[in-house]
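Values in this text are rule-based calculations from the coordinates and carry no lab data. The structure presented is a predicted model; accordingly, all values stated were derived computationally and were not measured. Please note: Cβ atoms are built from the backbone with ideal geometry, for glycine as well, and neighbour counts cover all protein chains shown.
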């Protein structure tokens, strides 16, 4: 076989490898916030949960003082604690991907509660992992998530949005203790969407929406619970939120699974085609001798 033909075949092989590599690996922007009070062993444990090496992402710390800035007056002292163990992983996704949330050792705040509160804070199109080395409530993790998102995007989230998002998590969690976590998350989400959609600011109109949504979900609320939700929704109504954006960020999980499976099938199909081409190239090399 001639030298030129051999070099040509090698070039084609390298080109195919390059093409396949560009398909399977995409650029990403990941930031990790680690609780300041984690030990070295616990830091490693958290990074293992995130599935990354400390050199693979921007790593910053979050402390109890930062958590208290947005939770004092909202969360109980027991929820605030004295140390910060909750950590977060934030990876920016392509537009339209929505917010994906995963939790490890978070016992009180649900993934849905994080999703809804993050939308209130203006977060979008991101993969979020909240984790701790042992079971914690997770109330302080939102501070780390928002700090990581700001670092990843280079955009500042207003203190007002952070405060309201934290209040939403606390209130939803406390309501969940009375009516169930899933029910509370669905109730707050639907009320919020209606408030944002109608741009309602009047307390009496907000009350009507709350009662209407609760009725449709067959949820009984007492007077105190209704008043608490009214106060929260008044604050949410003052933020620049968009109903379409809210719904876009809460993409159905099953659709995401179907999309992932489809993409995996496409990658496997491309890989098989590349292997077939390589096989033909090898056969051609040997048949030329």
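With neighbours defined as other Cβ atoms within 10 Å of a residue's Cβ, the residues 143, 33 order from fewest to most as 143, 33. Computed over region 153-193, the P(r) curve from all C-alpha pair distances, binned at 10 Å from the origin, holds 28, 43, 22, 7 percent per bin.
Fewest-first ordering of 162, 156 by other beta carbons within 10 Å of each residue's beta carbon gives 156, 162. Compared with the alpha-carbon gap, the fully stretched path from residue 94 to residue 240 is longer by 50.3 nm at 0.36 nm per residue. Stretching residue 228 away from residue 216 to a fully extended chain increases their span by 2.4 nm, per 0.36 nm per residue minus the current alpha-carbon distance. If a spin label sat at a point 7 angstrom from the Cα of residue 178 along the line to its beta carbon, the backbone N atoms of region 215-239 nearer than 12 Å would be those of 220-230. Look at 185, 87, 237 and count the other Cβ atoms within 10 Å of each Cβ; fewest to most, that gives 237, 185, 87. Suppose R0 equals 22 Å; then what is the FRET efficiency for residue 37 and residue 77 from their Cβ-Cβ distance, rounded to the nearest 0.05? That gives a FRET efficiency of 0.85. For region 42-146, the convex hull spanned by the alpha carbon atoms encloses 99 Å³ per residue. Centroid-to-centroid, using Cα positions, region 222-246 and region 102-133 are 19 Å apart.
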